[in-house]
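Shown next, in structure tokens, is the structure this report addresses.
The values are calculated or read from the model by the stated rules, or taken from the named source; none is laboratory data. What you see is a predicted model, and the numbers here were worked out from it, not measured in a lab. Positions of Cβ are generated from backbone atoms using ideal geometry, with glycine treated the same way; all protein chains shown enter the neighbour counts. Side chains included, ligands, DNA and RNA excluded: accessible areas come from the protein's heavy atoms. Shrake-Rupley method; radii C 1.70, N 1.55, O 1.52, S 1.80 Å.
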Amino acid sequence: MELFNILKEKIKEKEVITPKEMAIIDDNAEFLGIPKILLMENAGKAVYEEIKNIEAEEYIIFCGTGNNGGDGFVVARHLGKGEVILIGKEGEIKTYEARENFKILKNLAEFGNIKIREIRRAEEVEDIFERLKDKKAVIVDAMIGTGVKGELREPFKTIVDKINELKKINKDILVVSVDVETGHLKSDLTITFHKRKTINRENVIVKDIGIPKEAEYIVGWGDLKALRKRDSNSHKGQNGKVLIIGGSRDFFGAPILAGLSALKIADLVGILSVDKVIDKLNHPEFIMYKVEGDYLSSQHVDYALNIAKKYDVVVLGNGLGANNRTKAFVNEFLSKYDKKVVIDADAIKVIDYNSFEFSENYIFTPHKKEFEYMNVDLENIEEIKSTIVLKGKYDIIFNADNLKINKTGNAGMTVGGTGDVLAGLIGALFAVNEAFISACCGAFINGYAGDLLLKEKGYCYTSLDLIEKIPNVLKIFE
Ligand SMILES: NC(=O)C1=CN([C@@H]2O[C@H](COP(=O)(O)OP(=O)(O)OC[C@H]3O[C@@H](n4cnc5c(N)ncnc54)[C@H](O)[C@@H]3O)[C@@H](O)[C@H]2O)[C@H](O)CC1
Ligand SMILES: [K+]
């Protein structure tokens, strides 16, 4: 944890985050045991606190069918008055949390203080825009929040236009947005939760809603949910093509483990190695590329570059051997190859770090000793554009802008080959995702597979068992 705390100092915390990053934090708060309905309560209460002292003749709360709308239901309940306009039908409300809060509102609505209307078209609220022309009113925008996707669709577009027009003719209309301004709405005030979002506009208040800092650091199912979804009607290769470059006269198992692991997620896996490895393989599931020799060396670089062009990502190093020949191969290959690479095991050991550029296209997966060999300059962490997975009891995953810790896994993971499994797994994710989320999820899935095996078999599981467990982990969190 010592290094983690040093890195926490060096890697500056983001003040403004993207909706996607917020969704991961939101889901990981739940992963840590904080129910979303509690966050929704705190969110709605936070908005209420900001508007409760505003004198107005009317309060209109426009709600969408997502959790932004759910927040709006909570605001209405705390206000205890006003009209809730659900844009959609109750049956279309997307989440348990929002549905529960809508049900509560319906129970209260019988007593007349809170009115509820479900609409489909903007024309259905023409009466409200007429009535508010000369009234002092607060309009709460709980239509769409961080779940916004693409251009604003109807009826939201017309409703936003009408609110903007109303504001022009009546200065006594105050528009308050929940979390994020919906589309081109000209809000007077936005109350956003936990951290300012990149899509917020001016006049934003950030309110804490009880999400602990740890939810920003601990890898959880929120990270997995953010992975690119497998495209069901995709054709071969669309879900990632991974090339394993490794193996040598001494080690031929490592590239196979990395390949088998990658194959659980990627469409196509190739293995490029020396003849002593390839001739031993009878794995029809791999595409094989063979070069003559005991070790990969500089005369193989051009061939490897030529093959690697056909793949999305290269996993480099498993069983490669660490000697002058492989040193020449690795440094020359990396200097000429400009796509994604997972750099593992022996490749880490033979890189010349003096004049080395830590490209954002690289994910390193060192254990403690290999990390020390890398001699990363923590004083200039902003140079480290590559993502590093420092494996350990808790894996530390970081780069110049991000830092997370993965708690899954157990002492059984020290069995030989688990590093190869991790490298293959991360390679397959990296083929179709960004580096940092691929590294976090690879570490999480690998460790979680180990935790499932520990429960089933105790510590005596093998790397092949680990590979077989990967689909189970993906199934649990899909
Ligand atoms: N920790 C937190 O930040 C918390 C956030 N909460 C609130 O939840 C929303 C995010 O909710 P989500 O369900 O993911 O999505 P939204 O409600 O923002 O929007 C989805 C909703 O809107 C429709 N939609 C999306 N894009 C469009 C579009 N371009 N045009 C029309 N309609 C669109 C979509 O179909 C859905 O129906 C966050 O902002 C917070 O307000 C939690 O409640 C508390 C913790
Ligand atoms: K909103």
Can you give me the % of accessible surface on the chain that is carbon or sulfur? Probe 1.4 Å, all protein chains present, nothing else counted. 52 percent
Computed ³J(HN,Hα) along the stretch 382-398: with the Karplus parameters 6.51/-1.76/1.60, θ = phi - 60°, integer Hz and x for glycine or proline, the list is 5, 6, 7, 6, 6, 9, 10, 9, 8, 6, x, 3, 10, 7, 9, 10, 8
Could you name the aspartates and glutamates in cross-link range of K94, using Cα to Cα under 14 Å and dropping any fewer than eight places away on the same chain? D71
Distance in nm between D377 and K336 label points, each 7 Å along Cα→Cβ, equals 2.9 nm
Between the stretch 157-229 and the stretch 323-375, what is the separation of their alpha carbon centroids in Å? 42 Å
Hey, with R₀ at 22 Å, roughly what FRET efficiency would D279 and N324 work out to, going by the Cβ-Cβ distance, to 0.05? 0.35
Rounded, prolate or oblate: which fits the stretch 232-476 when a ≥ b ≥ c are the square roots of the eigenvalues of the alpha-carbon gyration tensor, with rounded for a/c under 1.5 and prolate only if a/b beats b/c? rounded
Please report Rg (one decimal) and Dmax (integer) in Å for the Cα set of the stretch 35-210. 14.5, 42
Once you sort the root eigenvalues of the Cα gyration tensor of the stretch 68-157 as a ≥ b ≥ c, which label holds: rounded (a/c under 1.5), prolate (a/b larger than b/c) or oblate (the other case)? oblate
I271 long-range amide H proximity, modeled H, under 5 Å: I244, I287, M288, Y289
Which shape class, rounded, prolate or oblate, goes with the stretch 160-243 when its Cα gyration tensor gives a ≥ b ≥ c as root eigenvalues, a/c under 1.5 marks rounded, and past that a/b bigger than b/c marks prolate? oblate
PRE zone check, label point 7 Å out along Cα-to-Cβ of K136, amide N under 18 Å, scope the stretch 44-68, hits 50-60
Net charge around G145, counting only other residues with Cβ within less than 11 Å of its Cβ (Lys, Arg = +1; Asp, Glu = -1)? -4
Semi-axes, largest first, in whole Å: what does sqrt of 5 times each Cα gyration tensor eigenvalue give for the stretch 56-120? 17, 12, 11
Test of understanding: what is the full-extension gain from E214 to K8, defined as 0.36 nm times their sequence separation minus their Cα-Cα distance? 73.0 nm
Please compute the modelled spin-label separation between K368 and D352, points set 7 Å along Cα→Cβ, answer in nm with one decimal. 3.1 nm
What whole-number distance in Å separates the alpha-carbon centres of the stretch 404-447 and the stretch 1-61? 28 Å
Calculated log₁₀ intensity ratio I(q)/I(0) where the Debye formula runs over C-alpha points of the chain, q = 0.07, 0.14 Å⁻¹: -0.47, -1.17
Pull up all non-local amide H partners of G145: gap of 5 or more, or a different chain, and H-to-H distance under 5 Å with H placed in the peptide plane. N68
Expressed in nm to one decimal, what extension gain is obtained for the pair E292 and K310 from 0.36 nm per residue of sequence separation less their Cα-Cα distance? 4.4 nm
Let's test the formula: R0 of 45 Å, r as the Cβ-Cβ distance of D231 and D188. What FRET efficiency results, to the nearest 0.05? 0.60
Ordering T182, T414, T65 from largest to smallest accessible area (1.4 angstrom probe), what's the sequence? T414, T65, T182
Net charge, S335 excluded, C-beta distance under 11 Å - Lys, Arg +1, Asp, Glu -1: -3
Phi-based couplings in Hz for the stretch 49-58 (Karplus 6.51, -1.76, 1.60; Gly and Pro marked x): 4, 7, 10, 5, 8, 7, 6, 8, 7, 9
Potential lengthening between Y96 and Y303 on full extension [0.36 nm per residue; Cα-Cα distance subtracted]: 69.0 nm
Net charge contributed by nearby residues that have their C-beta within less than 9 Å of V178 (K/R +1, D/E -1): -3
